[in-house]
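Below you'll find the structure, written out as structure tokens, and then a few comments.
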Amino acid sequence: MTENAVNKGERKNRFWAFFVLGFFALVSITTFAYNEYYIYLSIYLWFGLIYGLALQYGRFCFSSAFRDLFAVGVARMAVGITIAIVLFALVASLVTAQGLSTFHPAPSGIHAVIAGVIFGMGMVIAGGCASGSLYKTGEGNMNALIVVFSISVSQALFVDVGGWANNLVPESWHHSAIAKGLPASINVGDGWMDQYLAGYVWNHPVTTFAKMLGWDNSSALGAIVGNFFLGVLVPSALLLAVVYFVWSRKAFVRKRVKAGQEKMTMLDEVKGYWAMLSASKRTAIAGLVIGVAAGLHMLVLQGARVKFGVKNAGALLERMGFDYGISVNGTVFDPGYWYVTTQEAQWVGWLLQKTTGANYMDNVFFGYVNGIPNPAINPADWMSLATIGGAAIMALLYGEFKFKKPTLELATWAIIGGTLMGIGARLALGCNIGAFFIRVANGDPSGWLFGIGMVPGAYIAVKFFNWWTERKMAKQGFGL
Amino acid sequence: MAMKFEKVNEGNYHLDVTGYVCPHPQIYTKKALERIEPGDVLQVIFDNPSSGESISTMCENTGDEIVDKKKEGGQFIWSIEKC
């Protein structure tokens, strides 16, 4: 390419980057001018944009963190994500200690581990986790868009599956679900997911490390010592020590041997550990931005709730005259922090109910908790779209935006992987962000359980891809 | 586009994984490096930015040297000398 063509390409990229940024600014300004409540949705939008920028800048992908350890022995992303978790946990614990946290722990049980295995397999097969697929869509990767669609559709269908699937529900779940006395419109005795949630998951303990130690969750002792120090910092440091000794140390020792220094002292081990932590500045910077942004997101959202005197965006939507798709409790999905998958299920639920006329509000997930508001005024959908936009801006500015058509092979993996992630996300009540990143950082043990499940899930999928790539290499005459 | 791995001439190999997303480019690169001799050079062409980070760290760990890095219109062309 000539220099002229390169400059022209760069100018064009910059134009589109600012166009995307301008579009989001215009959305925020015009909607705020129309009704001040839209600022609530814009908070989600701008934090979503920051997540997108940081995810693309650091190529931040949870799938990569688990997968690259097993596939190519690379610990870079596992380290970056752990750094982000620790930083987010620090900010989150300070917010929690002020009594301003929007976080709610999830029920802890073996279901979180099983869901993690399914999700872990899915994210490796798909080629990216739930948040990774959003940022890769922003890079112009249409394969990632298929993953996003697969996660969205599989969730919306999975939460509403009834009929034959009712036969798979244990009697105890059914009775326990009925005993919860949910509104008749939910019809909780019908549907696999409804009975799984109300008759099984909700019976599990909801706790945090602070609570387990007998401390108040929002006290300084509970939030900082219990949740942050004991629930996040100590296990993260130990986890990174395992990563260092199993994967990173070998390379550090090899470099020293090459430089004529064979003996490893304790101080050298510490240096090796630090070298691992600081190996990829790009990933570490992304981890820092995401960690701090995710903590501030909770604080700002809580501030907006206090200002408007609401506990959930459902009340704001109703005040603005939008009552379609609001749950029987008057709520819509409004986590108050970073989340990815629920809003993806919602837009499909909304679309299916609108186009087929079928009732998608007669289940716990949509009808009792999250609703199916119009995606155009769904706060969490604003966040996801802005995440894609933020990633597009960063990719355009760095000359990494490339429109990529999916091939049949990759589209197949995207659909299978996306579907597994959709199912895993609903079983765990969240994805790699909602069920892992957010929960771990807020001292919820169910987050670690989901993470523990993702390890064997990713391992199994890597073994499968190893077999698959060996087969393709052999076909080209390079068998081992 | 399908993956293409071929020997260009003595000591030089070519791996084209354009269009592939994670984890395929890094796994194919690892497997291609396993199949060539020390001193041989593998040219890898890919267009998945995040794979570049993994390939780069993988080479740092193994000691294989990335001797050339080019970027053309969202496509990465890297030459790796096996140690």
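The values are calculated or read from the model by the stated rules, or taken from the named source; none is laboratory data. From a predicted model like this one, the values you see are computed outputs, not experimental measurements. Cβ: placed from backbone, ideal geometry, glycine included. Neighbour counts: every protein chain shown.
Considering each residue of the range A:359-413, count those that are away from every other protein chain (no Cβ under 11 Å) and in contact with a strand residue (DSSP E or B) (Cβ under 8 Å, 6 or more places away or on another chain), and give that number.
Summing the residues that are away from every other protein chain (no Cβ under 11 Å) and in contact with a strand residue (DSSP E or B) (Cβ under 8 Å, 6 or more places away or on another chain) in the range A:359-413 gives 0.
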Original post:
If a residue has to be more than 8 Å from chain A (Cβ to nearest Cβ) and either buried (at least 21 other Cβ atoms within 10 Å of the Cβ) or not hydroxyl-bearing (Ser, Thr, Tyr) (or both) to count, how many in the range B:63-83 make the cut?
Top reply: 14
Subject >> Residues being among the small types (Gly, Ala, Ser) and surrounded by fewer than 23 Cβ atoms within 10 Å (Cβ to Cβ) - total across the range B:33-62 >> reply: 3
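One line per residue, one yes/no per condition, for (1) on the phi < 0 side of the Ramachandran plot; (2) away from chain B (no Cβ under 14 Å); (3) in contact (Cβ under 8 Å) with a residue 40 or more places away in the chain:
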site: A:67; (1), (2), (3): yes, no, yes
site: A:73; (1), (2), (3): no, no, yes
site: A:99; (1), (2), (3): no, yes, yes
site: A:102; (1), (2), (3): yes, yes, yes
site: A:114; (1), (2), (3): yes, yes, yes
site: A:119; (1), (2), (3): yes, yes, yes
site: A:141; (1), (2), (3): yes, no, yes
**OP:** Mind counting the residues in the range A:80-92 that are within 14 Å of another protein chain (Cβ to nearest Cβ) and surrounded by fewer than 24 Cβ atoms within 10 Å (Cβ to Cβ)?
**Re:** 0
**OP:** Return only the number of the condition from (1) among the aromatic types (Phe, Trp, Tyr); (2) part of a helix (DSSP H, G or I); (3) more than 7 Å from chain A (Cβ to nearest Cβ) that residue B:28 does not satisfy.
**Re:** (3)
Subject >> Condition met for residue A:306 (part of a helix (DSSP H, G or I), at pLDDT below 95, of a type in the set (Val, Ile, Thr) and surrounded by fewer than 19 Cβ atoms within 10 Å (Cβ to Cβ)) >> reply: no
Original post:
Is it the case that some residue within the range A:362-377 is without any contact (Cβ under 8 Å) to a residue 40 or more places away in the chain, hydrophobic (A, V, I, L, M, F, W, C) and surrounded by fewer than 24 Cβ atoms within 10 Å (Cβ to Cβ)?
Top reply: yes
Original post:
Looking at this structure, is residue A:135 aromatic (Phe, Trp, Tyr), more than 14 Å from chain B (Cβ to nearest Cβ) and under 22 Å from residue A:378 (Cβ atoms)?
Top reply: no
**OP:** Read through the list (1) outside any helix (DSSP H, G or I); (2) in contact with a Gly (Cβ under 7 Å, 6 or more places away or on another chain); (3) among the polar types (S, T, N, Q), then give the number of the only condition that residue A:384 fails.
**Re:** (1)
**OP:** May I ask you to say which residue of B:21, B:41 is over 25 Å from residue A:252 (Cβ atoms) and modelled with pLDDT of 90 or more?
**Re:** B:41
**OP:** Select, from A:225, A:246, the only residue that is in a helix (DSSP H, G or I) and either touching a strand residue (DSSP E or B) at 6+ places or on another chain (Cβ under 7 Å) or modelled with pLDDT of 95 or more (or both).
**Re:** A:225
Original post:
Are any of the residues in the range A:192-210 surrounded by 17 or more Cβ atoms within 10 Å (Cβ to Cβ), out of contact with any Ser or Thr (no Cβ under 8 Å at 6 or more places or on another chain) and within 14 Å of another protein chain (Cβ to nearest Cβ)?
Top reply: no
Original post:
Within the bounds of the range A:456-474, is there any residue that is of a type in the set (Gly, Ala, Ser), closer than 26 Å to residue A:299 by Cβ and either free of Cβ contacts under 8 Å to residues at least 60 places away in the same chain or away from chain B (no Cβ under 14 Å) (or both)?
Top reply: no
Subject >> Conditions (1) in a helix (DSSP H, G or I); (2) surrounded by fewer than 19 Cβ atoms within 10 Å (Cβ to Cβ); (3) modelled with pLDDT under 95; (4) away from chain B (no Cβ under 14 Å); number of the one not met by residue A:297 >> reply: (2)
Subject >> Elements of type helices (runs of 4 or more DSSP H) contained in the range A:111-220, each with 3 or more residues being within 30 Å of residue A:55 (Cβ to Cβ) >> reply: A:130-138, A:142-158
Original post:
Take the residues of the range A:259-294 that are among the hydroxyl-bearing types (Ser, Thr, Tyr) and within 14 Å of another protein chain (Cβ to nearest Cβ): which is nearest to the chain's Cα centre (by Cα)?
Top reply: A:283
